[in-house]
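Q: Dropping the structure in here first, questions after.
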Amino acid sequence: MIGFNAAKKFNMTPFLGLIIGAALVHPNINGVDLNFWGMNFNASYSSTILPVIVMVALAAPLERWLKTVIPDVVKTFLVPMLTLVIIVPIGFMLIGPAANLISLVLTQGIEALMGFSPILAALS
């Protein structure tokens with residue numbers, strides 16, 4: 001649902017956002033090490049929302065560009081397919097690990113602020 005709603009906010013086809021979010025939490029992929037072109041990536045994105053939002057934010061301009069480049073005859077199936085073929089692997093290899101790292105840093109910062117002053121943490 002996060003991908004669906006993010007896609008609506010970024011003026012993208014909502015069901016593409018839904019598929020991107022579903023790809024990140026698919027049970028066969030979640031929590032396993034994926035091997036893309038000889039590089040290993042740990043795919044555990046079921047407890048974060050940041051990777052889905054960032055992936056949809058990058059997929060929206062790609063989808064708009066593909067709609068202008070691809071002929072109308074094949075646009076209905078080629079635009080979604082190419083968008084997913086490009087964004088999902090990039091999401092697993094680059095966006096997901098980077099977004100998880102950013103989430104971890106934000107969580108540690110908030111926990112440190114709560115340890116220092118719970119009142120100050122509540123105000124922020």
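The values are calculated or read from the model by the stated rules, or taken from the named source; none is laboratory data. The model shown is predicted, which means the values in this text are computed figures rather than measured ones. Note: ideal-geometry Cβ built from the backbone for every residue, glycine included; neighbour counts use all protein chains shown.
Q: Looking at the range 59-76, can you tell me whether even one residue there is touching a residue at least 60 places away in the same chain (Cβ under 8 Å) and either touching a Phe, Trp or Tyr at 6+ places or on another chain (Cβ under 7 Å) or charged (D, E, K, R) (or both)?
A: Checked against the condition, which is being touching a residue at least 60 places away in the same chain (Cβ under 8 Å) and either touching a Phe, Trp or Tyr at 6+ places or on another chain (Cβ under 7 Å) or charged (D, E, K, R) (or both), the range 59-76 yields no hits at all.
Q: Evaluate the range 71-80: report whether one residue or more is aliphatic (A, V, I, L, M), modelled with pLDDT of 90 or more and within 18 Å of Phe4 (Cα to Cα).
A: Yes, the range 71-80 has at least one match.
Q: Here's something else I'd like to know. So which residues in the range 1-41 are modelled with pLDDT under 70 and in contact with a Pro (Cβ under 8 Å, 6 or more places away or on another chain), if there are any at all? Spell out the reasoning first.
A: Applying the first criterion (modelled with pLDDT under 70) to the range 1-41 yields 27-37, 39-41.
Phe36, Phe41, listed by residue number.
Q: Taking the range 65-101 on its own, how many of its residues are β-branched (Val, Ile, Thr) and surrounded by 14 or more Cβ atoms within 10 Å (Cβ to Cβ)?
A: 8
Q: Scan the range 71-123 for residues that are part of a helix (DSSP H, G or I), closer than 26 Å to Ala60 by Cα and not aromatic (Phe, Trp, Tyr) and report the count.
A: Result for the range 71-123: 29.
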